[in-house]
Each structure stands twice: as C-alpha cells, then as structure tokens.
C-alpha cells in the first residue's frame, strides 16, 4: 500500500500490545490550536486514506497521562476522509458489519465510506461512534474541534461511557474500504467472522431466558422442595414404601421482609404462581407414596396403602433430619466461627466466643451450632443504638413484677420490683438464673451487662408487624431506629403481629379460620406453632384466647421464660422442675399402656366472662373423658395385617366413650383453682370434672408407658421430668422453648396438635387398636429410650448454662458503646477441637 504520509496514532496487535505509528506534519491543519485545560500541541497532518490503520487504546485510572490527555489526542486529530463514493458492495458490507457491532465501549470516528454516506461534504462535519451507535457530538472535520459542546462536557460524556464499559474505551479509525478492513481485522486479530458472531448474538436472548428460568427455579421453587432421601429408620419400623424425593412447602408469609406493605400484592401473586407451578408436579405418583406436608402439618392421603402410614413417613423423615443435623455440627473453633457468620449474614461472633467454645468443648455440649433462636429474639434490637437500649432498660426496671440481673467484673447482682408484694416462686426463679451463670464460672468471661426478667410465666412484649418489619429493615440497612417516631398503638388483636398476607390477617378480613380438613399430623413443630399461619389455634390456648391485646408503644427489652410466635420477648432458660435424673422402670415391667395425665386446672382464668371451656387443658379432659359423646374414626395401627389395603378401607369407627375408657387415664387433680367463686365458676368446675383428690406419686406414674404433656399457664415445666422417666411422651404446645431447635419430634417424643385431633390416631399407632392389637410396642419403647438419652445428653445443667452464656454474650455486645469492638475475630491460638463421644 503506497502513501505519501502516515497518520499518528496507536495500533493494537492481536495480543493487545500498543505500538506507535510515525506521523509526518500536515500544513493543511491549523497549527497551534489550543483547547482549554489542555497543553498546546501542533496539529498533525491529515493522513492519506490508504495509509490509515486501525488504532485502539485502553484507558486506565492509573495512567500517567490520564483520560483527558488521551481523549485530546483522539478529538484533535481529524478523521480521514475519502473523496471516493463507496460502491453498493461496500455499503452492504458496512451494514452487515456494523449492524451487530458490540456495545462494549467502542469509540471511533466514521470511516471514509461512512463519512461519504453521512455527509454531503466530507470536510464539513464529522460523527463519532460510541459502541456502534452514532453520537450526537458533531466534530469539525477540518479543525477537529467539537461543535456545540464544550470540551469539558464532551470529556464527561466520554468518561461516563468509559466507566460503564469497564474502563476500556476502544478507538477505531479507518481509511480502507469496509471489505479490506474486515479481512485485515480477521487476519490480524483472529476474531470470529461477522456471521458467526451474529449467530451467537442471535441466541443471546434464548440463553438469557434459560438463565432467568434457572434462577427462578433456584430462588423461588427450590427452597420449597426437600431433596433429602429417607434412608435410615428405627429397626422396629417396617414399611414397604419406597424412598423418593418429597415436597414440603414452607410458610410463605414467614419473614417480615417478604410482606412489607408495598410487597403485599407481589407476595399474593407469588403464592398463586407457586400454587400453579409446583403443586401439580408434586401431587402425582412420580414422587412415590408420600403424604403431603403444608405449613408444618402432614395431610393424610387416604388413598395410599396401609404400608405408607403417615406416622411411618414422619418417623423416617425425622430420623434423616436428626442424623443430618448432628453430622453438620462444627468440630473446630474456626468452623464454628464460619458457621456463625454463615447463619447470621456475615456478622462476627460476639466477644468471648472463644471462651464459650472452650466451655462447650470441655463439657461436651452437643449441637454447638444450634443457637439460632437467640439471634431470632435479639436481631431487631440491633436497630437501636446502645444508648437507646440502655435507656429502655432503665424504663423497664420500673415495670411491675420484674427483676434485674446485673453482671459486672465477674459478679452477679439482682434487684427486684414486685409491685404487689411477694410472689410465690419468684425468689426461686431469680436464684435459678443466677446459679446458671455462677455454677460453671461463666461470669468470669461474660462482659459486663444487665438484663430485665419478668417473674411471671407468661410473655410480656407484643409489637405490631409493621414495627417489627421496620426494625428489621433498619438492621439490614445498618441504620438506627429513630425513637422519636410515633407508633400507632390504637390497633389491637393478635393478628396485628402477623404479616399482611398471613392467614391471621386474612381471617380477620374474611372470617375464615383456615383450619385444615381431614386427618393431619405435626411434621414441623415450629411451623405448626406459628399462630400467624394457624390462627384457629388462638382460640384454643389460654394465653391467647378471649383477649384483644393492644400493641406496645415501644419494644421492651424484657427476658421471659416463655413466649409465642407473636411475642417479642427474649427467651431465657427456666430451671423449674428440672431433675438430675429419675429411676427408670424397664419398659416390659410397666403395667399400664394407657395415656396418663394429671394436673391442676391452670392454663386460663376461670370466670363467667372468659371462654375457659375452650382452653387447652379443659378441652383435653373433655375429649378423653370416659363418657365422651360421638365416635372416633381410627387409622389402622402400625402392624395392621393388610398392608395393601387403602388407608380409607382400614379406618374403623368406634364410640368415643368405649375407646377412651381403654386408652386414656386423664383427669384434673386436687381442686379447682384460678377461678372466680363469686360468679359460680369454681362450683361449676367442681360439678363438671372429676377432680382426683389423691395425688399420684412419681413411682406410680413411672408404671405408665405413655404420658401426655400439656401447657399450663404458659409453657410446661414438667417436660424434662417426663422425658427422664423413660415413658413415651406425647406433647402438645404452641410455646417455643430454648431447646426447640435442639430436639427432634418423632425421634424423642410424639408431637400433638393443639386441638388434639390426632391424639387418638397417634396413640393407637403405638399401643394398638381398642383391643391393644397390631400396635408397635417395640417402636414405642425405642422412642421413649431415645427421649431419655436426649435428656441425659442435651438437657443437663451445663447445657442450660451454655445456652444462657451464649445469650448473654450476644446481649452484652448490644449494650456496649462500641459494638464493633465487641466482635470476636478468629485467632489460631484459640483453637480447640471438639471430640464427640
């Protein structure tokens, strides 16, 4: 190629290196032109069209010349022009080439052919290409000076484009024909032909659609599918059902972040889409003979064979979950720190975490990672500044029937505020909390802090969902809540603590109870205890029935020994009725296979204006009394002989009174309490129920194979004692406790719904039908033994102390003036390895 002169610029090789092209002066350009904010440079000559080569440059913020210096070279070196009019072939080639040009930051002037197309006079104006699109910046092709824009404005536009293009700005100038340029580029850089690139780009849309569908599945569908495969089970559990993947739907309205006011419509739409998308695919036979689980309840499919008994499925699934939970526990401090950060959004553990780890390792505390309930309770308190929390603690000290527990320099002090005088059991409750901290020396490494406890059984703090969602958003955004903001305290009702799309809110609007139909069993204790999802339970428990509570004006930092899913209390560890151990009567020597319960008529306040007849303890007595009306439809027991028969065909209908006499021994003990004598309620209780005057001893109770545990005024304090006794415990509750995440229903005890609709079926599955036949007594003994072993290894004093110490570490960080300084950072010299026995 011949040329009288060459252009000045940069040319890029295929490897990306830059080389300079020699230039010769051109007297046709203005000399000495000076642009504002740039040095005076002599303008180079206009190059010949045949000598122009491609040039590109990469901009970097670390370059010594900077972006403006390089842009100057580009703007004030005029693009070449060609006097020749392009042929039709050149025009077609140009359109094919630039139609699919990448928008990855390409910046170049028009080639000679393009200039001839776009301008009647090639010397009058010029256009520049940004990423394959014509820019609105006009450049005087004679002088190279931009028209209609200041130099600073143009630099800003180019700089923004460079940043959006990952700081790479390619400069392209051309003088050859489009065909020659194409051949030279393909030959020199080894890039793909235009048509090949076009085929790739044509498929980008379909690739994007496929990726979007995959992401939708991963983030929206996959969390609702349990991919675990049931493999191991109790030796005594026989089932012909195959092990297949199964589906479990989690609560859609669980997280406040999912159900903010602006997102109500979106979540409701998502529910509909999920129902249409998922349910048809999992309800067929491809998933095997499985009973479906929804919102923590297993719904019995009566068309399945007897071999696929729902309780067999629940036990097998529970065994798999328990084994997986134990297998994934951290073995080293480093693993524990990493697991803590994974579970808590990258947050570091609190200061003293290494001391706590040493404590749990030395005392062989199991399930070292299962303390999520602590963070669930205190997470929203991170929305308050340390000074605000301390201010609220000062205010909480004035609440009636509370006590303060203060740790300072390793010493523990208490202060009580019993407004109505001494309360029975209050001193023992205070002493129990102090002993948990002092008994194992935890006060030596827990930072200074203070906590306010309620001496009552029931929870104290109740806030609206709106307030909770606001606090959680502020924690997520790392902002502090402004305490001057006014809260609407005029609203009342338990549903005010629930998300907008929850069943509790919809029940309020539509007057539906959302109670499931058919036969159901508890599959997930936490989900089943969620009163927002199961609002019909509100009327079945003494803590929540018949009350229209108002939301609190502010979140109170109060520690309580019990709570429901609606309350905002910080859950502590009660020590009432805890025993080190009990003597055990061998299973084969136990004389009664009836389900036993004895207790007082606590659980509610008995008055003429209260719906006490629907309280949880009264309903248990009425359901199981020997003169109960009606009949009971019983599912077949565990060892029903006809395994191929459908469950619906194996159901037997038995008069309730006849069945209750054979399988239950449930009654009130003592005499009526917590009742109003003036309105006749106490006498009515005396007439309705057969109160057992003779108190049953522990030794007598140990002769029963099956025992029932029911909530009292709040939680049931006798659960640990029942597990220690070696009986198979049937437990009904809506109160989460400190051990809820650390125990496995259907492995250590049998969970029962609050309405007791599954009590008859669950009991006869193990003990047999009304005649005691076809039950699985061996399986019952194994679960009872498993529950006792769990008590001996997971509910020791040291286990309660470990939970309490972990709670205080988190709480002390919240109260510290500098929370970041209270983080624990892993150090190898603190390492200790946990060895499981």
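The values are calculated or read from the model by the stated rules, or taken from the named source; none is laboratory data. Because the structure is predicted, anything quoted here is derived from the model rather than measured. When we count neighbours, we look across all protein chains shown, and the Cβ atoms used for this are built from the backbone with ideal geometry, even at glycine.
Which of the residues spanning region 463-497 are assigned to a loop (DSSP other than H, G, I, E, B) and in contact with a strand residue (DSSP E or B) (Cβ under 8 Å, 6 or more places away or on another chain)?
Correct list: 489, 490, 491.
In this structure, does residue 814 turn out to be assigned to a helix (DSSP H, G or I), more than 30 Å from residue 540 (Cβ to Cβ) and touching a helix residue (DSSP H, G or I) at 6+ places or on another chain (Cβ under 9 Å)? Steps first, please.
Details: assigned to a helix (DSSP H, G or I): yes; more than 30 Å from residue 540 (Cβ to Cβ): yes; touching a helix residue (DSSP H, G or I) at 6+ places or on another chain (Cβ under 9 Å): yes.
Criteria met by residue 814.
Quick one: residue 548 ticks every box in (1) at pLDDT below 95; (2) not in a loop (DSSP other than H, G, I, E, B) bar one, so which box is it?
If we test residue 548 against (1) at pLDDT below 95; (2) not in a loop (DSSP other than H, G, I, E, B), just (2) comes out false.
When you go through 583, 516 one by one, which is the residue that is assigned by TED's automatic domain parsing to the domain that holds residue 753, touching a residue at least 40 places away in the same chain (Cβ under 8 Å), assigned to a loop (DSSP other than H, G, I, E, B) and out of contact with any helix residue (DSSP H, G or I) (no Cβ under 7 Å at 6 or more places or on another chain)? Quick ask: steps written out before the conclusion?
Numbers: 516 fails: assigned by TED's automatic domain parsing to the domain that holds residue 753.
Within the list 583, 516, the selection yields 583.
Having 3 or more residues that are surrounded by fewer than 19 Cβ atoms within 10 Å (Cβ to Cβ) is the bar; report the helices (runs of 4 or more DSSP H) wholly within region 667-754 that clear it.
681-688, 698-701
Would you confirm, using the coordinates I've provided, whether residue 592 is in contact (Cβ under 8 Å) with a residue 24 or more places away in the chain, in contact with a strand residue (DSSP E or B) (Cβ under 7 Å, 6 or more places away or on another chain) and surrounded by fewer than 18 Cβ atoms within 10 Å (Cβ to Cβ)?
yes
Output the number of the condition that residue 716 fails; it satisfies all remaining conditions of (1) free of Cβ contacts under 8 Å to residues at least 12 places away in the same chain; (2) under 29 Å from residue 738 (Cβ atoms).
Condition (1) is where residue 716 drops out.
Out of the residues in region 775-787 that are part of a helix (DSSP H, G or I) and either touching a helix residue (DSSP H, G or I) at 6+ places or on another chain (Cβ under 6 Å) or modelled with pLDDT under 95 (or both), state the one that is nearest to residue 408 (Cα to Cα).
Looking only at region 775-787, we keep the residues that are part of a helix (DSSP H, G or I), and these are 777-787.
Subset that is either touching a helix residue (DSSP H, G or I) at 6+ places or on another chain (Cβ under 6 Å) or modelled with pLDDT under 95 (or both): 780-781, 787.
Numbers: 780: 49, 781: 48, 787: 38 Å.
Checking each candidate, the answer is 787.
Check 421, 425 and return the single one that is free of Cβ contacts under 8 Å to residues at least 40 places away in the same chain and at positive phi. Quick ask: steps written out before the conclusion?
On the way: 425 fails: free of Cβ contacts under 8 Å to residues at least 40 places away in the same chain.
After applying the criteria, what remains is 421.
For region 313-347, name all the residues that are more than 18 Å from the chain's Cα centre (by Cα) and over 30 Å from residue 290 (Cα atoms).
Correct list: 330, 331, 332, 333, 334, 335, 336, 337.
Consider region 724-742. How many of its residues are touching a helix residue (DSSP H, G or I) at 6+ places or on another chain (Cβ under 9 Å) and under 19 Å from residue 526 (Cβ atoms)?
Total meeting the criteria: 13.
Condition first: part of a loop (DSSP other than H, G, I, E, B) and crowded, with 20+ Cβ neighbours inside 10 Å. Can you find one or more residues in region 626-635 that meet it?
Yes: region 626-635 contains one or more residues that are part of a loop (DSSP other than H, G, I, E, B) and crowded, with 20+ Cβ neighbours inside 10 Å.
In region 642-666, what residues are under 27 Å from residue 707 (Cα atoms), more than 41 Å from the chain's Cα centre (by Cα) and outside any helix (DSSP H, G or I)?
Result: 652, 653, 654, 655, 665.
Can you tell me which residues in region 419-462 are touching a helix residue (DSSP H, G or I) at 6+ places or on another chain (Cβ under 8 Å), in a loop (DSSP other than H, G, I, E, B) and more than 30 Å from residue 362 (Cβ to Cβ)?
Hits for region 419-462 are 455, 462.
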